[in-house]
Amino acid sequence: MKKFFFKYPITKMISLLLAMTLWLMVHGDRQKEITVDVPIKFEDLPGELMTVGAVPQTIRVRLKGSQTRLSKIDDSYFTPHALNLSKARPGINTFWVYEEDFKVPFGVSVMRVYPQAIRLELDFAQIQWVPVEAKLEGDLDLGYTIDQISIVPSKVRIRKKKKKIGEVKTIYTEEISIAG
């Protein structure tokens, strides 16, 4: 039996060191949870439609894994999550987001996705041409007058909800100081 312990000591020391290292890697690294915000990219919205109301910009993803693996993940780790709107119709549309939609490294799991359902209200868009006017600020010095104001372009094309078209009569520039 004594021979068993002292025969090939270097091989046994290396094996013991390797076993301890593996044990520490598996059991020594604590589990941790983090949350990252993944941007949303809306693709293929039909040209005649537009979004109405608040549009979510990010999806919150809750991840669980070892502290070492999670230390490599931050908000910039994920590419924007693409939502295909090609089949969207006027009214409220619901798009589902699943945990499986997010590719994570080995040893990391997606615990939760919020929101799981992204609701978008869409309406028909209407094009309207409106005039542009200068918004002047301040007073001219004595003896000065403004003969003409020229704005290029004099009209701009806006895209609005069909219901809201006609409400916009004029677009104004940023304030232009005319004070001397």
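The values are calculated or read from the model by the stated rules, or taken from the named source; none is laboratory data. Because the structure is a prediction, the values reported are computed rather than measured. Counting neighbours? That spans all protein chains shown, and the Cβs are built from the backbone with ideal geometry, glycine included.
Annotations
- Given (1) more than 19 Å from residue 37 (Cβ to Cβ); (2) modelled with pLDDT under 90; (3) surrounded by 10 or more Cβ atoms within 10 Å (Cβ to Cβ), number of the condition residue 105 does not satisfy: (1)
- In the condition set (1) hydrophobic (A, V, I, L, M, F, W, C); (2) over 14 Å from residue 36 (Cβ atoms); (3) at pLDDT 90 or above, residue 113 is compliant with all but (2).
- Every residue from region 132-162 that is β-branched (Val, Ile, Thr) and either in contact with a Leu (Cβ under 6 Å, 6 or more places away or on another chain) or within 30 Å of residue 121 (Cβ to Cβ) (or both): 132, 156, 158
- Among helices (runs of 4 or more DSSP H) entirely within region 1-85, having at least 2 residues that are free of Cβ contacts under 8 Å to residues at least 12 places away in the same chain singles out 2-6, 9-27.
- Considering residues of region 16-52 that are modelled with pLDDT under 90 and among the hydroxyl-bearing types (Ser, Thr, Tyr) only, the residue nearest to residue 72 (Cα to Cα): 21
- In the set (1) in contact (Cβ under 8 Å) with a residue 60 or more places away in the chain; (2) touching a Lys or Arg at 6+ places or on another chain (Cβ under 7 Å), the condition left unmet by residue 118 is number (2).
- Scanning region 97-149 for residues that are among the charged types (D, E, K, R) and in a loop (DSSP other than H, G, I, E, B) yields a count of 4.
- Checking residue 147 against (1) loosely packed, with under 10 Cβ neighbours inside 10 Å; (2) within 28 Å of residue 46 (Cβ to Cβ), the condition it does not meet: (2)
- Residue, nearest to residue 50 (Cα to Cα), within region 150-180, restricted to residues that are part of a loop (DSSP other than H, G, I, E, B) and modelled with pLDDT under 85: 165
- Residue 95 aromatic (Phe, Trp, Tyr) and at pLDDT 90 or above: yes
- Residue 173 fulfils the conditions (1) of a type outside the set (Phe, Trp, Tyr); (2) surrounded by 10 or more Cβ atoms within 10 Å (Cβ to Cβ); (3) within 30 Å of residue 64 (Cα to Cα) except for a single criterion, (3).
- Any hit, region 128-138, residues being of a type outside the set (Gly, Ala, Ser), within 30 Å of residue 87 (Cα to Cα) and free of Cβ contacts under 8 Å to residues at least 60 places away in the same chain: yes
- Restricting region 121-144 to residues that are farther than 30 Å from residue 94 by Cα and in contact with an Asp or Glu (Cβ under 7 Å, 6 or more places away or on another chain), the residue that is surrounded by the fewest Cβ atoms within 10 Å (Cβ to Cβ): 135
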